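Below is one structure; the comments refer to it alone.
The values are calculated or read from the model by the stated rules, or taken from the named source; none is laboratory data. Only a predicted model underlies this, so the values are computations on that prediction, with no experimental measurement involved. Cβ placement follows ideal geometry from the backbone for every residue including glycine, while neighbour counts extend to all protein chains displayed. Heads up: the accessible areas ignore ligands, DNA and RNA and are worked out on the full protein's heavy atoms, side chains in. Shrake-Rupley method; radii C 1.70, N 1.55, O 1.52, S 1.80 Å.
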Amino acid sequence: MYYQVMSFSHKNCDQAFREKLAFANDEEKKQMLEQLVSFDYISEAFIVSTCNRVEIVLATSDNFSSYHTLLGLMSQKSGQNFYEVKNAAKTYDDDEAISHIFSVVSSLDSLVIGESQITGQVKDAFKLSVEHGTAGEKLNRVISYALKCAAEVRNATNISQNPISIASVAVAQAHKLLGEHIQGMTGVVVGAGEMGVLAAKHLLRVGCDVVFIGRDLEKVQKVADSLGENVKADTMENLSKYINRYKLLFAATSSPEPVISNGLIENRTIPRVWFDMAIPRDIEDMDLEKLKLFRIDDLREISKSNHSLREEKALEAAAIVDRYKEEFYGWLRALSIEPVIKEMRSQVATAIENELGRAIKKGFVPAEYESNMRKMAEQMFNRFLHDPTQNLRHSSADKKNANAIEAVKKMFDIEIDRCDLALYKDDHHTKGYES
């Protein structure tokens, strides 16, 4: 069994291409997950789809086949040429896959290093797959260790202290452009999800009032009420009124199509500062002379100046990721050796029974001595196997001894894929994920 991750992120493909690959909703994810696990060589899968990345995480028995399957399915889903998808994809196998997942969950691979949203987004993505029956024990082990790694990264480096999210970068840029005039202004926030709420909080912090706009007035009103008296709620039906009245706008919906189009613009004379924080984009391209429009990739460039300290902390965090990767594989190897040892002992027990039965049948051993002979044979073999099995346990922690362990499995004709590894799991390590 192997691990594999195919990644389309802000690091290796642009926003327009990520938009085509993104999953608009959970139903799209479920459809893809079902397709993936329908292949014999893919046992488990989950999908992370955010503004900055689309990641497909697999437990597979054949990395070569799963790689080409992923490329084909993503090409089919996005309507893009197979080779374009291949050129945009970054694929990680086994050790690299584990390091990548741990880095992503620890927010070291994020657009803004140290932002806290990604940990929850990965947990939610994994939970969806578990509930849908397309992820289980194999990927649960990875997520459990990844979450522990992320917790240590946060605690040891303080990399998430005063975290900078895309929303905070956007508000900071607005503050930079407008200066102290931003105080008392009204910021229009379109979308009542996590990104929209963060934008609203940052706007309130710099002295703005906020108009929160969403499709479900009850939901939007509830969010607005939780943020205080300077926040007003309204629905998308009245969006045009607000974008023709106020200059400051932050859009972060999950709509598959732009929600702000050229047709909504009535007053073309007012200066506007807009931030599109969504993928797919919420604001279509438009020719407005007094419009300053910032999209996700623009915000990435703006945020670079904030990265120097975080990148220094990220070096410390990378060492933690490496250590957790080694611990994970050490534990995984130790986990896999227990069924090997059990199968060896099972084969010994079978041999004792067969030979003892044959000896009694042929008269070599009186039947009344059967119990004593069995006990003596078991003690002899236990004594014989004691040192080899202890050595196997110790050597399993070192990846240099993987070939020796494989040789033992081959000698005894042991196939552990037939065994239930859950019988041997260490609860402290494998129950780290809470749904």
Could you work out which residue, out of Gln117, Gln35, Gln347, moves most in a Gaussian network model of the chain, that is, has the largest mean-square fluctuation with Cα springs under 10 Å? Gln347
Can you give the extra length, in nm with one decimal, that the chain gains between Glu415 and Asp297 once fully stretched, where that is 0.36 nm per residue apart less the Cα-Cα distance? 37.6 nm
Give, to the nearest whole percent, the P(r) tail of segment 239-378 beyond 28 angstrom, counting all Cα pairs. 62
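Counting every Cα pair in segment 1-160, what percent are over 23 Å apart?
Roughly 32 percent, once rounded to a whole number.
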Per residue of the chain, what 222 nm ellipticity follows from adding -39500 (n - 2.57) for every DSSP H run with n ≥ 4, rounded to the nearest 500? -17500 deg cm²/dmol
How many Å³ per residue does the convex hull of the Cα positions in segment 84-232 occupy? 170
Along the Cα→Cβ direction, 7 angstrom out, place labels at Ala156 and Asp62. What is the inter-label distance in nm? 3.9
Here the averaged projected area of the chain, based on the convex hull of its alpha-carbon atoms and given in nm², is 26.6
On full extension of the chain, what length is gained from Asp225 through Ser116, given 0.36 nm per residue of separation minus the C-alpha to C-alpha distance? 36.9 nm
Simple SL model, points at 7 angstrom along Cα→Cβ for Ser346 and Phe82; separation in nm is 4.1
Work out the FRET efficiency for Ala24 and Lys375 from their Cβ-Cβ distance, taking R0 = 56 Å, and round it to the nearest 0.05. 0.25
Mean-square fluctuation maximum in Gaussian network of the chain, Cα pairs under 10 Å, restricted to Gln173, Gln379, Gln221, hits Gln379
On the protein heavy atoms, probe 1.4 angstrom, tell me the percent of accessible surface of the chain carried by carbon and sulfur. 48
Given the Cα-Cα distance of Met1 and Ala367 and 0.36 nm per residue of separation, how much length would full extension add, in nm? 127.1 nm
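What are the semi-axes of the equivalent ellipsoid for segment 169-328, taken as the square roots of 5 times the Cα gyration tensor eigenvalues, largest first, in whole Å?
Over the Cα atoms of segment 169-328, the semi-axes work out to 31, 19, 17 Å.
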Using every alpha carbon pair in segment 26-107, what percent of pairs falls into each 10 Å bin from 0 up to the bin containing the largest distance? 16, 52, 31, 1
Can you tell which of Phe275, Phe102, Phe39 shows the greatest fluctuation in a Gaussian network model of the chain with Cα springs below 10 Å? Phe39
Regression test value, accessible area per residue of segment 138-236, probe 1.4 Å, units Å², expected 44
Residues of segment 213-241 with amide N under 18 Å of the 7 Å Cα→Cβ point at Gln183: 230
Cβ-derived FRET efficiency at R0 45 Å, Asp322 paired with Glu131, nearest 0.05: 0.90
